[in-house]
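Notes follow the structure.
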Amino acid sequence: MTVPRAYAARVAIVTGAAGGQGAEHARRLAADGFQVVATDLLDAPPNSPGGGFCHLDVISEKQWSDVGVSRRCGLRPTYRPSPGWAANAVIPADQLVADIPLGRLGVPADISALVSFLASEASSYITGADIVIDGGIRARI
């Protein structure tokens with residue numbers, strides 16, 4: 001998805017952006033035209049995605065309102081590889097993939113595409129939705 005130039009004025013604050021899924025979200029949002037502030041409890045990686053990086057330790061509702069954040073989106077994706085995932089997996093990856101209608105595990109880019117959409121004006125009328133990103137597993141149940 002390409003975000004219209006008008007979205008260049010939009011700022012996305014991405015938490016957990018020092019690596020993994022958060023870093024992928026920051027890269028996608030920046031590529032789609034958002035101004036991105038990448039934040040994490042960890043220090044900034046050498047090639048920080050998105051533009052700016054800020055050490056941020058904000059965990060409560062009040063702290064978010066204190067920094068002026070009024071719209072937040074939370075996601076609950078399933079079955080995607082992450083650091084240490086294979087070593088700690090209870091079910092082997094090949095068995096999981098066999099149960100996924102799309103025939104593969106999710107990758108960070110799958111989730112980041114939805115993050116970019118939810119941060120855009122195109123999702124302005126979406127509220128309280130539970131958007132499933134699972135390759136079709138729930139559709140099988």
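A compact table of results
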item: The range 92-136 - residue that is buried (at least 16 other Cβ atoms within 10 Å of the Cβ) and more than 23 Å from GLY22 (Cα to Cα) and, of those, modelled with the lowest pLDDT; result: LEU96
item: Every pair of residues 6+ apart whose Cβ atoms lie under 9 Å, when the first sits in the range 113-128 and is in contact (Cβ under 8 Å) with a residue 12 or more places away in the chain and on the phi < 0 side of the Ramachandran plot while the second is outside any loop (DSSP other than H, G, I, E, B) and of a type in the set (Asp, Glu); result: VAL115/GLU24
item: Neighbours by Cβ (under 7 Å, 6+ apart or cross-chain): first from the range 30-43, touching a residue at least 40 places away in the same chain (Cβ under 8 Å); second basic (Lys, Arg); result: PHE34/ARG10
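The values are calculated or read from the model by the stated rules, or taken from the named source; none is laboratory data. Being a predicted model, the structure only gives us computed values, none of them experimental. Reconstructed Cβ throughout: ideal geometry from the backbone, glycine too, with neighbour counts over all protein chains shown.
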